[in-house]
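Before any comments, here is the structure.
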Amino acid sequence: MKLEPLGDTAVVATLGSGIDEATLASVLALADAVAAAKGRGIVDVVPAYATVTAFYDPLQFGEAPGDAYEQVCRFLESCAARANGGARSAAARLVEIPVCYGGEFGPDLELVAGRCTLGAEEAVALHSGADYLVHAIGFTPGFPFLGGLPAALRTPRRDTPRARVPAGSVGIGGSQTGVYPLESPGGWQLIGRTPVPLFRPEGKPAALLRPGDRVRFRVIPTREFDSWK
Amino acid sequence: MEMRVIRAGMLTTVQDLGRRGHLAEGVPAGGAADPFAFRVANLLVGNPEDAPALEITLTGPELEFAEAAWVAVCGARFDEMPSWRPFRVEQGGRVRFGRRLQGCRGYLSVSGGIDVEPALGGRGTFLAARLGGFHGRALRDGDVIRTMPSARHPAGHWSIDERILPHYSNEPTVRVMPGAHAAEFGTALYSGRFGVTPMSDRMGIRLDGPRLERSATADLLSAAVAPGTVQVPPDGHPIVLMADAQTLGGYPRVAHAAGVDMPLLAQLAPGDSVRFIRSSVAEAHALSHAQERRIGLLRQGLAGKFMSP
């Protein structure tokens, strides 16, 4: 485990270098241990891919030079010793997300299929037939970075990002796929849309997905999309 | 008490000192871009330091007060507007902002604080998710904002010792700690001045100046970033992340601004410039403690300057 500062209010623990399940499992175990320990001065924790970042309030530590940073590092080391390769306590959840592919909801589906030398239906079958893993939540609130896109569906991002991607849009960007929870700018190729909200401020939690969740997309017809409204 | 928004100004939002515990859901802490000015504005009218107040951007609003209240404006300075001291607005009176004289963001506090519902543990406006503040959006002409009742108000006329203020400037020097990828960029960040472009907002300040060339080419895995992180996209023009920045970033991180200098960055307007000098985590912490002592002294000094009705 490598520890280094992110400015004067966070310490980053790096546990690996690749996008893989084993690394994510140790990241989640450490993040859970940090959250459970409620260390003094620790105000937030962010797991993402191969890192766990612990945010702290330096004013809650002594004034001796290096005191706060050293204490947070020691705290992370003790959490890592406790987590020690353990899997996440709660069993991984499988979340099914209904998606209406193509048409007005997936304006880039034909382009993606064409670049991958597939028919549109084959592309949809591949995308909805795979299991995905949430490696991180970010970019916008609730946005899941998903690993597990079939290699045959890899498609470069758009040269010019769209200024407005509708909420719920399902996209492909390189070797990644994900869902835009909010209307935002975005450069991924849009292949479909889900009627399920991925971020609800009044929800507890607000984000539908969390790192470590498994995700599967289920094909729905337009009328089922409309009936969600 | 109610305030009516006669003119909203360019971008006026309700802010606080940020929300905590939601970074892993992709929700940034947000809150006032210049927390120093925000806290002092509240202290000057007898509010808790985190009471919701208005963040004003470049051009100020015009507000009409349904009842008398005490108000303070800190941070950016405006013509014909008192700075860093409380003043009273009579019933039916209006607060108008003149031309901007210095800085980018002003904080207008009202005795009692602005009355808005919390969202995800914060009352600040997060525009990208239409979350918090006044219906998740910037104020518009004609809005009516409620304030909380106030238990105390300033007595007599006084202002604060401006020596406790950060060294606000339109060409400040900002202390930064090396970022995770600093070694891939040499010393270009410290070699010149960077201009503030108009593509700057509460999410980030986009800079123009010496291009930062990266010696490495490897793609990076996205990892947490924070306000103050200086990231470098492929075009070589650094971006300093601000209060509403996204929580994860995949660009290399060349440096990170000291927390105590975030107010200097928050007050940069398009056309201003900034220079960076190297600091350390230990120095940044010492500076934060020193600033907290100055705010503590201000708080003590103000203790005898309020009356309860």
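The values are calculated or read from the model by the stated rules, or taken from the named source; none is laboratory data. For clarity, every value in this text was computed on a predicted model and none was experimentally measured. FYI the Cβ positions are ideal-geometry reconstructions off the backbone, even for glycines, and counts take in every protein chain you see.
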B:Arg211, sole failed condition from (1) basic (Lys, Arg); (2) buried (at least 24 other Cβ atoms within 10 Å of the Cβ); (3) touching a Gly at 6+ places or on another chain (Cβ under 7 Å)
(2)
Name the residues in the stretch B:233-247 that are under 22 Å from B:Leu23 (Cα atoms) and either assigned to a loop (DSSP other than H, G, I, E, B) or modelled with pLDDT under 95 (or both), would you?
B:Met242, B:Ala243, B:Asp244, B:Ala245, B:Gln246, B:Thr247
What are the residues in the stretch A:1-41 that are surrounded by fewer than 21 Cβ atoms within 10 Å (Cβ to Cβ), more than 9 Å from chain B (Cβ to nearest Cβ) and part of a strand (DSSP E or B), if any?
A:Lys2, A:Leu3
Return the residue satisfying two criteria in turn: it lies in the stretch A:172-213 and is hydrophobic (A, V, I, L, M, F, W, C), more than 18 Å from B:Leu127 (Cα to Cα) and under 13 Å from the mean Cα position of the chain (by Cα), and of such residues it is surrounded by the fewest Cβ atoms within 10 Å (Cβ to Cβ).
A:Leu208
Exactly one of (1) in the same structural domain as A:Leu198 (by TED's automatic domain parsing); (2) in contact with a His (Cβ under 8 Å, 6 or more places away or on another chain) is unmet by A:Thr117. Its number?
(2)
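From A:Ala54, A:Ala136, A:Ala50, grab the single residue that is surrounded by 21 or more Cβ atoms within 10 Å (Cβ to Cβ), in contact with a strand residue (DSSP E or B) (Cβ under 8 Å, 6 or more places away or on another chain), free of Cβ contacts under 8 Å to residues at least 40 places away in the same chain and within 14 Å of chain B (Cβ to nearest Cβ). Talk me through it step by step, then tell me what you get.
On the way: A:Ala54 fails: free of Cβ contacts under 8 Å to residues at least 40 places away in the same chain; A:Ala136 fails: free of Cβ contacts under 8 Å to residues at least 40 places away in the same chain.
Going through A:Ala54, A:Ala136, A:Ala50 in turn, the sole match is A:Ala50.
More than 9 Å from every other protein chain (Cβ to nearest Cβ), in a strand (DSSP E or B) and touching a residue at least 12 places away in the same chain (Cβ under 8 Å), is that true of B:Arg275?
Numbers: more than 9 Å from every other protein chain (Cβ to nearest Cβ): yes; in a strand (DSSP E or B): yes; touching a residue at least 12 places away in the same chain (Cβ under 8 Å): yes.
In short, yes.
For the stretch B:46-63, indicate whether the set of residues that are of a type in the set (D, E, K, R) and over 19 Å from the mean Cα position of the chain (by Cα) is non-empty.
Filtering the stretch B:46-63 down to residues of a type in the set (D, E, K, R) leaves B:49-50, B:55, B:62.
Remaining after also requiring over 19 Å from the mean Cα position of the chain (by Cα): B:62.
Checking the stretch B:46-63: at least one residue is of a type in the set (D, E, K, R) and over 19 Å from the mean Cα position of the chain (by Cα).
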Only listed residue being touching a residue at least 12 places away in the same chain (Cβ under 8 Å), in the same structural domain as B:Gly179 (by TED's automatic domain parsing), within 22 Å of B:Thr125 (Cα to Cα) and not in a helix (DSSP H, G or I), chosen from B:Pro210, B:Pro270, B:Pro227:
B:Pro227
All positions within the stretch B:136-164 that are within 20 Å of the chain's Cα centre (by Cα) and at pLDDT 95 or above:
B:Gly136, B:Arg137, B:Ala138, B:Leu139
Only one of (1) away from chain A (no Cβ under 14 Å); (2) out of contact with any helix residue (DSSP H, G or I) (no Cβ under 7 Å at 6 or more places or on another chain); (3) of a type outside the set (A, V, I, L, M, F, W, C) does not apply to B:His22, and that is (1)
From A:Gly102, A:Gly106, grab the single residue that is touching a Leu at 6+ places or on another chain (Cβ under 8 Å) and on the phi > 0 side of the Ramachandran plot.
A:Gly102
Selection from the stretch B:151-196 of residues among the polar types (S, T, N, Q) and more than 21 Å from B:Pro210 (Cβ to Cβ) yields B:Ser159
B:Ile145 fails exactly one of (1) crowded, with 16+ Cβ neighbours inside 10 Å; (2) closer than 27 Å to B:Gly60 by Cα; (3) within 14 Å of another protein chain (Cβ to nearest Cβ), namely (3)
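Any idea which of B:Val95, B:Val116 is of a type in the set (A, V, I, L, M, F, W, C), outside any loop (DSSP other than H, G, I, E, B) and in the same structural domain as B:Leu17 (by TED's automatic domain parsing)? Give the steps one after another, and end with the answer.
Details: B:Val116 fails: outside any loop (DSSP other than H, G, I, E, B).
When all the criteria are applied, what remains is B:Val95.
Answer yes or no as to whether A:Phe75 is touching a residue at least 12 places away in the same chain (Cβ under 8 Å), more than 22 Å from B:Ala24 (Cβ to Cβ) and either surrounded by fewer than 23 Cβ atoms within 10 Å (Cβ to Cβ) or within 10 Å of another protein chain (Cβ to nearest Cβ) (or both). Walk me through how you get there before you give the answer.
Working: touching a residue at least 12 places away in the same chain (Cβ under 8 Å): yes; more than 22 Å from B:Ala24 (Cβ to Cβ): no; either surrounded by fewer than 23 Cβ atoms within 10 Å (Cβ to Cβ) or within 10 Å of another protein chain (Cβ to nearest Cβ) (or both): yes.
No: the conditions fail for A:Phe75.
Can you tell me which residue within the stretch A:57-72, out of those that are closer than 12 Å to B:Ser288 by Cβ and more than 9 Å from chain B (Cβ to nearest Cβ), is surrounded by the most Cβ atoms within 10 Å (Cβ to Cβ)?
At the first step, the residues of the stretch A:57-72 found to be closer than 12 Å to B:Ser288 by Cβ are A:57-61, A:63, A:68.
Filter once more, so that each one left must be more than 9 Å from chain B (Cβ to nearest Cβ): A:57, A:60.
Numbers: A:Asp57: 16, A:Gln60: 12.
Among them, the one singled out is A:Asp57.
Any chance the stretch B:161-171 includes a residue that's over 26 Å from B:Asp261 (Cα atoms) and in a loop (DSSP other than H, G, I, E, B)?
At the first step, the residues of the stretch B:161-171 found to be over 26 Å from B:Asp261 (Cα atoms) are none.
The answer is no; no qualifying residue exists.
To keep it simple, each residue is scored yes or no on (1) in contact with a His (Cβ under 9 Å, 6 or more places away or on another chain); (2) away from chain B (no Cβ under 14 Å).
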{"site": "A:Pro144", "(1), (2)": "yes, no"}
{"site": "A:Gly147", "(1), (2)": "yes, no"}
{"site": "A:Pro161", "(1), (2)": "no, no"}
{"site": "A:Gly168", "(1), (2)": "no, yes"}
{"site": "A:Ser175", "(1), (2)": "no, no"}
{"site": "A:Val179", "(1), (2)": "no, no"}
